[in-house]
Amino acid sequence: MISDELKERLQNEIKLLYQNYEQEGMKEYMPIIKELTNAVLPYMTSGKKEVQNIIQSIQNGVEAYKHTDMMGMADALVVVENILTF
């Protein structure tokens, strides 16, 4: 569903956020969220629970971003990563 390059960026972003590197984490977060959203869009009409969970996690991540909640942002990406790697 996502490219190896995006997977690598996703993992790096999670590390930055959990290490509380706010400036670095905030800079790349929304571009990654946009790419994840674009990757999932073709599957939206499938009705699969995994896709619904990814969309919900992305929404949670955007809310965390609005509040500069680094842990919430990282947690949302981890959920997406876990769903995509199973």
Original post:
When the helices in the chain are scored as -39500 (n - 2.57) per DSSP H run of 4 or longer and the sum is shared across all residues, what 222 nm value do you end up with, to the nearest 500 deg cm²/dmol?
Top reply: -26000 deg cm²/dmol
**OP:** With everything on Cα atoms, drop me the angle between helix 4-18 and the longest principal axis of the chain, reported from 0 to 90° to the nearest 10.
**Re:** 40 degrees
Original post:
With each pseudo-label sitting 7 Å past Cα toward Cβ, what's the Thr85-Thr45 distance in nm, one decimal?
Top reply: 3.2 nm
**OP:** May I ask for the Kirkwood hydrodynamic radius of the chain, worked out over all distinct Cα pairs and given in angstroms to one decimal?
**Re:** 12.7 Å
Original post:
Roughly how many whole Å is it from the C-alpha centroid of the stretch 47-72 to that of the stretch 1-31?
Top reply: 14 Å
Original post:
What accessible area per residue, rounded to a whole number of Å², is obtained for the chain using a probe radius of 1.4 Å?
Top reply: 62 Å²
Subject >> Relative contact order %, the stretch 31-86, counting alpha carbon pairs below 8 Å whose residues are six or more apart >> reply: 29 percent
Original post:
Here are some pairs, Lys34/Lys66; Lys27/Lys49; Lys15/Lys49; Lys7/Lys34; which of them have Cα atoms lying more than 25 Å apart in this structure?
Top reply: Lys27/Lys49; Lys15/Lys49
Subject >> Highest-MSF residue in the chain out of Ala74, Ala64, Ala39 [GNM, Cα springs under 10 Å] >> reply: Ala39
**OP:** Would you mind checking the tilt of helix 49-66 against the longest principal axis of the Cα atoms of the chain, expressed as 0 to 90 degrees and rounded to 10?
**Re:** 30 degrees
**OP:** Round to the nearest 10 and give me the degree value, 0 to 90, for the angle of helix 22-40's Cα axis relative to the longest principal axis of the chain.
**Re:** 10 degrees
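The values are calculated or read from the model by the stated rules, or taken from the named source; none is laboratory data. Here the structure is a predicted model, which means the values were calculated and not measured. A quick note on method: Cβ atoms are made from the backbone with ideal geometry, for glycine too, and the neighbour counts reach across all protein chains shown. Please note that ligands, DNA and RNA were not included when accessible areas were found on the heavy atoms of the full protein model with its side chains. Shrake-Rupley method; radii C 1.70, N 1.55, O 1.52, S 1.80 Å.
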